[in-house]
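To start, the structure itself, in structure tokens.
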Amino acid sequence: MPFIDLWKIKPQEICPGTRIRAPHGKNLMLSFVEIDEGAEVPLHNHPHEQGGVVLEGTMELVIGSESRILEPGMLYLIPSNEPHLARAVGGPVKALDVFSPIREEYIAQEDEL
């Protein structure tokens, strides 16, 4: 599926106030993330490499022991197994994450919708 209409993908709520739409290929997953004002993706880690860009809003991102406030256009790279969390600051946030390899648990959740 080389072309994807993001708005035709049903969003998955991965934690309270955070939704994703996660199209994927064999080895790469895109994840369009929406975080409501005040919502937080709690501290977690996973074996996947993760990169992303903030599209709208302001997001606090903690990677390991480092914390940054990110605004639209700012990028981030999260190594495999590195603990990280994200929260919306002062309003909602939209970001695009990229995972490699794909996150099988997101596919399983998608199948349940």
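Annotations
- Unit charges on C-beta of K, R, D, E only; dipole of the chain, Debye: 240 debye
- Filtered trypsin sites (Lys or Arg not before Pro), the range 1-74: DSSP coil and at most 13 other beta carbons within 10 Å: Lys26
- Relative contact order (percent, whole number), the chain, Cα cutoff 8 Å, 6+ residue spacing: 32 percent
- Taking 25 °C and 0.890 mPa s as conditions, the range 53-113 diffuses translationally at an estimated 191 µm²/s according to Stokes-Einstein applied to its Kirkwood radius (Cα pairs).
- Cα pair count fraction exceeding 14 Å, expressed as % - the range 23-64: 61 percent
- Estimated FRET transfer efficiency when R0 is 25 angstrom, pair Ser65-Glu105 (beta carbons, to 0.05): 0.45
- Pairwise Cα inverse-distance average, inverted: Kirkwood Rh of the chain (Å): 14.2 Å
- Once both labels are positioned 7 Å from their Cα atoms along Cα-to-Cβ, the gap between Ile9 and Glu82 label points is 2.3 nm.
- GNM top mover of Ser80, Ser65, Ser100 - the chain, alpha-carbon springs below 10 Å: Ser65
Every number in this text was worked out from the coordinates using simple rules, so none of it is lab data. Every value quoted in this text rests on a predicted model; they were computed, and no experiment measured them. Cβ: placed from backbone, ideal geometry, glycine included. Neighbour counts: every protein chain shown.
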